[in-house]
Structure formats: C-alpha cells, structure tokens
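Before any comments, here is the structure.
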Number of protein chains: 2
Amino acid sequence: MARVVCQQLAPRIGDLAANRLLTVNAVRDAIVAGADLVLLPELATSGYCFTSREEAVSVAITTKHPLFEEWAAELGRGALVVAGFCEFGGDGLLYNSAALVDQSGIVTVYRKIHLWDREKLVFQGGEQPPPVVDTALGRIGIVICYDLEFPELTRGLALRGADLIVAPSNWPLVDRPAGERPPEVVAAMAAARANHVFIACCDRTSDERGVSWTNGTALINELGWVVSTVEGEGMASADFDLEQARAKALGPRNDALADRRPELYSDITDREHVDASV
Amino acid sequence: MARVVCQQLAPRIGDLAANRLLTVNAVRDAIVAGADLVLLPELATSGYCFTSREEAVSVAITTKHPLFEEWAAELGRGALVVAGFCEFGGDGLLYNSAALVDQSGIVTVYRKIHLWDREKLVFQGGEQPPPVVDTALGRIGIVICYDLEFPELTRGLALRGADLIVAPSNWPLVDRPAGERPPEVVAAMAAARANHVFIACCDRTSDERGVSWTNGTALINELGWVVSTVEGEGMASADFDLEQARAKALGPRNDALADRRPELYSDITDREHVDASV
C-alpha cells in the first residue's frame, strides 16, 4: 500500500527563496503524515503568471540546483517527491518540467509537451514522451497539467505499464455548471477508468495576478472514482494498492488494454488530419 | 440547430415482431416531438441477453429487412434514425450493428468493433473503423456501447471531422459510489470535452433475464456537460448547434486537436505493448 499525498500549495510568483522554503516544508509535513509519495503542483518553485520570459528566467533553475537535494533530504528510504519546477535547460531554453526525486536526488525529469496559452511565450515544449519510472512503490508515469487532457498520453503511459499517473497542475478556474466537478477532474476520472490506473492530480491554490485557481487536487482510484480532495491550502491523501492497477481484466472475457483494436486506430497517430473547420 | 432525441426503450428479448412495433412507434413519437435525429439503443430489434447464438440467429436481420424502410417511412426530409440491430451478415456471421437511416433507407451500417463479455460468443467483431457520415444536420460518427470506452476511437472520429458522436448502448448496471454518474457517462463527458464534439448515448431500460440496465441515456454538449437524461422508458432531448463542434480553439493559443503531439503518441498504435501484469 502506498500513501500518496498531494500538497495543494500557493507558490509565490517570481520568489524562488519563498518557494524553496514552502516546498521543503510541504515535503516535510507530508512525510510526517506518512506519505510514500509527495506530489507538489506545477511550477511550484516559481509561480505561474509570469509577465515576461525574463521574469521566468530570473527564477528558473537547472537540475543541479541544491533545492532538489533539500527535497531529497526530507525523504526516508523508498519515499518519493514529484514536483513541478521552472527549468533552465542546458540549451539555454526554459521548460515547464517535473522532477521525480528520491533520497539520492533527481531520478528523472519530464518536460511538459502540451503547453497552455502564455506558456507558449515562455517555455519550449518537451520533445520526449512522458516517462514511466519503475520505483519501489510501483511504476509511476508523469504528466503535467494540460497534458492530462490528451487521452493518447494517459493511454500510452498505461500501455507502458504505469500503475499511477501523477500530474502536477495549475488549473485556472473555469466556469462549470453548479454541482459539477472541475472538467479537468472529469477527464482524469475517465483516464483512470479507461486505463485501470490510479491518478493523482495536484493543483495549486490562492489567486495570482488576477488568476484564480481551481483548487482541484484529486486522488482517483483505478476504477475512476475520486477518493480525496482538499479545499484551499493543505493535503489530500489516499492509500493506494498500486498492484491493483496491474489486473486489467474487466470480467471473464474483457480486458481494458487487450480489448483494444490498434489496427483500427491509425487516425490518431497520423500527422495530418481532416481540418474539422472545413 | 438539430434536435437530438434518445428513446430509452425496453426491447423484448428474442421478439422481433414486438420490437418492430416498439421501434417504429418510438421513431414516430420522437419525430412528433420535433426530432431531427432519433437515437435508439443497441440491439433495439432483438434484445440483448441471448441464451445462445441460435437464439440470436432467430431474430437477426439483414440490411434488406423491411424494418429499415418502416423507420424511413416515419422520417421527413433531412431527419435521421440511428439504431442498433442484430445483423445477419452476408457472410453468415452475426454482427452487433447500428444503422443510420434517412428518408430513403439505410445510409450506412457500422459493426461494433469492441465486443463486451458474452457478445464474443455470439457476434463477430467488425473489421472497419466507425464511420463519419456527412449529413444535412452535420457530420455524425457512430459507435456502439463499449466502443465508447476506448478514447482512441472517439479521438479518431473527431479527427475525421465528426460533430456529433452517437452511441446506441445497453449498459448493464454496475456499482458506483452514491451521487456519482454512471461511469460510462463520465467517459462520454471526457470524450466530448477532449474532442469538442457533441455526444448522444442512448441506453435501454427494464430488466432482462436478471440483468438490470443503467438507464444512463445522456445528451452531452461539446464542452462535456450532460444537458439531458431520462429515468425509465421515455425520451431525452436536446437542441444542439452542431456547428459549435467545428471551432476547436480553446483560447487564443490553444486548439483541442492542433495541440496534439502525434509524433509522441506511437505507443497507442503499436500492436504489441508491455504486458502490464509483469
């Protein structure tokens, strides 16, 4: 059983020192609460609403930055952190990235491949599919925020064996009908069920430069049901038996992955498609 | 604006004569209610819980059966029916099929490609991807029931220009947490939003040989929200501006389809994948 804890934080825009303290404390508190895996939001080290690329550069960090060691220092054997950060790449470009960190430091870094809105003015999109990391807790796939809205991506992670998909996010609040969940959570629920995988989405909280956030943190089981959320700053937590994600049978004659008919799905990897606006 | 009417019926197992009357009346009633498109459940002509392949053969019909002309006779110019039927193929095999019918008769037939449970003992899976039919109402994609749970399929239909995806269904009732929608509807909501398409799911009602049905009929708009449902036997109805499905922009810099990174999605069309149980 793995305890997954999402820390719905309020990073401070452009203030690396404050966010360093905030995130180290958040990791520590989650570990005290028994976390095996601590998930922090997208761009937890930098905030989100940059006024310019220059402002993002001013808080961007490389993977050599001591902050990753500070997170690692909070972890016992086998425990993990996944957190979003503003990455200064070796190529001089900025990436909206997430690091998976264990006691020894960074295990892997993923660079967001689907950029939302003004991110396109600041960041370069990643050029590698999201990773699946084999850990002592189980196999963990990593996506970031808007990535989660592409069902191709979550399916691909499941096909590569992910038991749990984690999604550091910053979800700007959008209108929704009364009584409905955030639409991003509906997408995550459907992805969890379609692929029989656990999904943990860690959103942020607190307004930033006129943007309100969804406070949509959600822990979703392998059947697609939300089992934990949190309002405002704080933790959402769930104990997941990640082994359950490996049995894909849906009954005596069905299997969530083996029932696929990939020979009939060629449309979705075609580089060109019918222009739907015609 | 197109009025889509789902008729949540209770077909009688193995009784073609009764279902003929039931479906013709259902089409007529929907047209009286102003329907431009009438959607009936999966296997509306035959019922679902066959005890044997022989029983299914006894109510299977070819596409030459006069029933299709009887549905057509209820339609004014431009109006359409999509309904599931138990098809006796020219190859001597049975298919779980759906026909799109206009005033002149059958326009297209789709054979379900993802078979659920005991359907595998009775039916042959189709070998063609689901169609997108260009009609006076808009471009209509057709899937059947369990097909809808494969996000590859709904994505493919959107890429081929579908404005509305219709899904004749028979959803056996499954457990779900209190207050939750049927999981199949959650999947449809996510597919509608991810692809910015309208989706109409027409479920059936009334127990059949010990199987209870979900009564999950749902009309879902292009933003992914349920706008109409129905309890028990009867109609769910919505007026959809199908043109709205053609604008895929999600804001000044994003587009539900153009933001895809198909060069990074190769996993999902690979014929082989990591066995997740290892």
**OP:** State the antiparallel share, in %, of DSSP beta bridges confined to chain B, rounding to the nearest 5.
**Re:** 70 percent
Original post:
In square angstrom, what is the accessible area per residue of chain A with a 1.4 angstrom probe?
Top reply: 36 Å²
**OP:** Mind checking A:153-160 for the average number of partner chain beta-carbons within 10 Å of each residue's beta-carbon?
**Re:** 5
Original post:
Where does each of B:W213, B:W116 land when they are ordered by accessible area, with a 1.4 Å probe and the largest first?
Top reply: B:W116, B:W213
Original post:
Based on DSSP, what percent of beta bridges with both residues in region A:94-174 are antiparallel, to the nearest 5?
Top reply: 75 percent
Original post:
Roughly how many debye, to the nearest 20, is the charge dipole of chain B about its Cα centre, given +1 on each Lys and Arg Cβ, -1 on each Asp and Glu Cβ, and no other charges?
Top reply: 320 debye
Original post:
In square angstrom, rounded to the nearest 10, how much accessible surface does B:S228 have for a 1.4 Å probe?
Top reply: 20 Å²
**OP:** Please identify the helices of chain A, taking whole runs of DSSP H, that span at least 15 Å along their own axis as judged from the Cα atoms and have a mean Kyte-Doolittle score of -1.0 or higher.
**Re:** A:16-32, A:183-195
Subject >> Heavy-atom accessible area ranking, 1.4 Å probe, most first, across B:V5, A:V107 >> reply: A:V107, B:V5
Subject >> Lys/Arg +1, Asp/Glu -1 at C-beta; region A:160-278 dipole; positive extreme among A:N170, A:V226, A:L242 >> reply: A:L242
Original post:
How much net charge surrounds B:L164 when only other residues with a Cβ under 14 Å from its Cβ are counted (Lys, Arg +1; Asp, Glu -1)?
Top reply: -3
Original post:
By its C-alpha gyration tensor, with a ≥ b ≥ c as the square roots of the eigenvalues, how is region B:36-80 shaped: rounded for a/c under 1.5, else prolate for a/b larger than b/c, else oblate?
Top reply: oblate
**OP:** Please label the shape of region B:115-229 as rounded, prolate or oblate, based on the square roots a ≥ b ≥ c of the eigenvalues of the alpha-carbon gyration tensor (a/c under 1.5 means rounded; beyond that, a/b larger than b/c means prolate, else oblate).
**Re:** oblate
Original post:
How much net charge surrounds B:E119 when only other residues with a Cβ under 11 Å from its Cβ are counted (Lys, Arg +1; Asp, Glu -1)?
Top reply: +3
Subject >> region B:151-278, dipole about Cα centre (Lys/Arg Cβ +1, Asp/Glu Cβ -1), debye to the nearest 20 >> reply: 320 debye
Subject >> Residues along region A:177-195 losing 50 Å² or more of accessible surface when the other protein chains are present rather than the chain by itself (probe 1.4 Å) >> reply: A:E180, A:P183, A:V186, A:R193
Subject >> Of A:K120/B:K248; A:K248/B:K120; A:K112/A:K248, pairs whose Cα-Cα distance is over 21 Å >> reply: A:K112/A:K248
Original post:
Going by the alpha-carbon gyration tensor, a ≥ b ≥ c the square roots of its eigenvalues, is region B:39-169 rounded (a/c under 1.5) or, if a/c is not under 1.5, prolate (a/b greater than b/c) versus oblate?
Top reply: oblate
Original post:
Probe 1.4 Å, all protein chains in place: accessible area of B:V32 in Å², nearest 10?
Top reply: 120 Å²
**OP:** Could you tell me what percent of the accessible area of the protein assembly as shown is made up of carbon and sulfur, with a 1.4 Å probe and every protein chain present?
**Re:** 49 percent
**OP:** Ignoring ligands, DNA and RNA and using a 1.4 Å probe, state the total buried accessible area between A and B in Å², rounded to the nearest 100.
**Re:** 6000 Å²
Original post:
Among residues other than A:L67 whose Cβ falls under 14 Å from its Cβ, what is the net charge (Lys/Arg +1, Asp/Glu -1)?
Top reply: -2
Subject >> Shielding by other protein chains, A:114-122, mean Cβ within 10 Å >> reply: 3
Original post:
In chain B, which cysteines lack any other cysteine Cβ under 4.7 Å from their own?
Top reply: B:C49, B:C86, B:C145, B:C201
Original post:
Between copies, how close do the A:T51 label points come, placed 7 Å along Cα→Cβ, listed in nm from shortest?
Top reply: 7.8
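The values are calculated or read from the model by the stated rules, or taken from the named source; none is laboratory data. Bear in mind that the values here come from a model prediction, so they are computed numbers and not experimental data. Neighbour counts are summed over all protein chains in view; Cβ atoms, including those assigned to glycine, are modelled from backbone coordinates with ideal geometry. All accessible areas refer to the heavy atoms of the entire protein, side chains included, with ligands and DNA or RNA removed. Shrake-Rupley method; radii C 1.70, N 1.55, O 1.52, S 1.80 Å.
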